[in-house]
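S.K.: Below you'll find the structure I mean.
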Amino acid sequence: MEVGVNYPWMRNDPITIGPNIHEKGKPHPWQAAGSGLDRNLATLRGLGVTVVRMWLMAHGVNYDGTVSCVSAFQGGNRWRFEPPNRVHQKFLDDVEELLVKVEKAGLRIVPVLLDYGFFDGPEAWSLKYFGPGPAAPTDLNYGRGRRAVAEDPNCRATFVNGTVKPLVAAIAKHRKVVHAVVVVNEPYWCVSPLTGDLFGPTVDQDALVALMKDCVAAVEAVGLPSTIGHRYYRDISNVFGSVKVTRPQFHYYASVPGLDALPVLSGLSGPRPFLGEFGCITGAELDAVQRDAAARGDKVVLDQIGPMRRTQNLWPVLQQSRKTQAPNAILTERLDWLADFGYELALVWPNAILPDPGREDLKFDALRRGQIAEFTRRRPG
């Protein structure tokens with residue numbers, strides 16, 4: 001089995017390409033020669049990792065268009081984002097540069113075009129820039145709030161033709177390093193009736209399916225493998241079963257018994273799905289980090305605790321076999337189980353919570369790095 005990793009970026013922004021929202025007009029830090037990214041990719045390859053999964057546009061704050069207020073009522077449809085006729089050239093230049101770095105490191109990549117947050121209501125901080133009146137251009141100042149890209153057929157066509165197709169054409173120039181292109185990450189949250197604070201009003205499911213089908217078609221038209229980062233295994237054939245992809249994918253965090261399933265893939269006919277996300281941290285470790293950060297008043301670290309909580313759950317299949325799932329064994333035990341039961345690729349979610357998210361540090365502690373290296377030496381993919 002091959003081991004891959006998810007690579008969240010500095011400042012915890014799931015954005016890699018396009019205009020730099022933090023320093024307008026300047027290159028991203030990862031683009032410098034000998035950057036933290038170069039160092040981290042080399043480290044991962046040295047551990048035996050073969051695939052990295054990276055977000056490109058995610059919730060869209062770096063993807064400018066125009067915004068208008070189309071309703072006086074609060075709700076998911078109050079704000080309308082219209083995409084540009086043609087994506088900013090920096091997206092195309094940057095994605096090629098990123099793929100060159102991945103290739104030089106001897107890795108393959110699973111680029112994620114969009115995250116579910118792309119379709120959520122706009123970030124509260126964004127709305128101070130927009131109000132009633134004619135459509136206004138965004139300027140790296142409008143986070144999320146792009147549901148019209150799915151729900152409005154004209155916006156959808158503009159987005160697919162003017163953004164997705166040019167972007168995947170650029171990616172296809174480096175096809176040998178592309179394992180699969182994720183068109184949307186965890187679309188389940190866009191249509192689920194229960195999301196907590198993850199997502200606001202639901203998106204029209206038929207419209208989202210139509211967008212995903214169009215994006216998959218664009219990916220496959222240039223000869224690239226397609227995938228969707230499904231939250232649950234059952235989403236592959238259930239909620240979004242009509243959207244067929246080249247390489248199925250799902251995520252597992254053992255969060256909801258009976259819903260969050262971890263199937264045995266041995267003997268499965270047809271293409272085996274790969275595991276796009278799974279956790280490797282324990283609840284006790286997160287508790288200790290939280291206590292320490294609270295004592296220091298470290299808000300930067302405390303803000304990272306909540307999102308990490310969903311990755312801390314014990315795996316029932318390992319509890320049944322009396323595995324410890326302790327910090328010094330958790331990742332090895334999980335990788336061994338996945339390899340034993342037919343998985344061909346599994347990508348782990350990082351466990352490290354950094355005190356300075358502005359640094360491009362690798363978000364795996366020494367303990368997990370050691371477990372990855374030990375597994376890949378013992379059971380090379």
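S.K.: Percent relative contact order of region 121-163, based on C-alpha pairs within less than 8 angstrom and at least six residues apart?
M.R.: 39
S.K.: Quick check: at a probe of 1.4 Å, how many percent of the accessible area of the chain sits on carbon and sulfur atoms?
M.R.: Summing carbon and sulfur atoms, their accessible area is 53 percent of the total for the chain.
S.K.: Filter the cross-link list K173/K244; K101/K128; K101/K363; K26/K128; K101/K244; K24/K128 down to pairs whose alpha-carbon distance in this structure exceeds 27 Å.
M.R.: K101/K128; K101/K244, as the Cα separations exceed 27 Å there.
S.K.: At a 1.4 Å probe radius, which order do D93, D64 fall into by accessible area, largest first?
M.R.: D93, D64
S.K.: Which whole number of Å³ per residue matches the convex hull of the alpha-carbon atoms in the chain?
M.R.: In the chain, the Cα hull volume divided by residue count equals 141 Å³.
S.K.: Any chance you could check the Cα centroid distance between region 132-193 and region 1-65 for me, in angstrom?
M.R.: Here the answer is 18 Å between Cα centres.
S.K.: Please give, to one decimal in nm, the separation of the simple spin-label points placed at D365 and D38, each 7 Å out from Cα toward the Cβ.
M.R.: Roughly 3.1 nm, to one decimal.
S.K.: For V264 and Q320, what does the FRET efficiency come to when R0 = 22 Å and r is the distance between their Cβ atoms, rounded to the nearest 0.05?
M.R.: Given R0 = 22 Å and the Cβ-Cβ separation, E is 0.95.
S.K.: Right, here's the next one. Can you tell me what share of the DSSP beta bridges in the chain is antiparallel? A percent to the nearest 5 is fine.
M.R.: 20
S.K.: If each DSSP helix of 4+ residues adds -39,500 (n - 2.57) and the sum is divided by the residues in the chain, what number results at 222 nm, nearest 500 deg cm²/dmol?
M.R.: For the chain, the value works out to -9000 deg cm²/dmol.
S.K.: Okay, next question. What residues qualify as long-range amide H neighbours of T66, i.e. H under 5 Å apart, gap of 5 or more or another chain, H built at 1.01 Å from N?
M.R.: E82, T138
S.K.: Taking amide H positions as placed in the peptide plane 1.01 Å from N, state which residues far from V178 in sequence (5 or more) or on other chains have amide H under 5 Å from it.
M.R.: Under 5 Å from the amide H of V178 lie the amide H atoms of I109, each far enough along the sequence or on another chain.
S.K.: Using only alpha carbon pairs under 8 Å that are at least six residues apart, calculate the relative contact order of the chain and give it in whole percent.
M.R.: Taking the mean separation of contacting Cα pairs over the length of the chain, I get 19 percent.
S.K.: HN-Hα J couplings of region 198-213 from phi, Karplus 6.51/-1.76/1.60, θ = phi - 60°, integer Hz, Gly and Pro as x?
M.R.: 6, 7, x, x, 5, 8, 4, 5, 4, 5, 5, 4, 4, 4, 4, 4
S.K.: Note the angle between two axes, namely the Cα long axis of helix 36-46 and the longest principal axis of the Cα atoms of the chain, as a number of degrees from 0 to 90, rounded to the nearest 10.
M.R.: Its long axis makes an angle of about 40 degrees.
S.K.: Per residue, what accessible area does the chain have, given a 1.4 Å probe and all protein chains present, in Å²?
M.R.: 41
S.K.: If I model a spin label at R296 and A169 as a point 7 Å from the Cα along the Cα→Cβ vector, what separation in nanometres do I get?
M.R.: Label at R296, label at A169, 4.9 nm between them.
S.K.: Debye calculation, C-alpha points only, no solvent: report log10 I(q)/I(0) for region 159-210 at q = 0.20, 0.24, 0.31 Å⁻¹, in the same order as the q values.
M.R.: Scattering profile of region 159-210, log10 relative to I(0): -0.82, -0.93, -1.17.
The values are calculated or read from the model by the stated rules, or taken from the named source; none is laboratory data. Please read these numbers as outputs of a predicted model, since none were measured by experiment. When we count neighbours, we look across all protein chains shown, and the Cβ atoms used for this are built from the backbone with ideal geometry, even at glycine. Ligands, DNA and RNA are stripped out before the accessible areas are found, and what is left, the full protein with its side chains, is counted by its heavy atoms. Shrake-Rupley method; radii C 1.70, N 1.55, O 1.52, S 1.80 Å.
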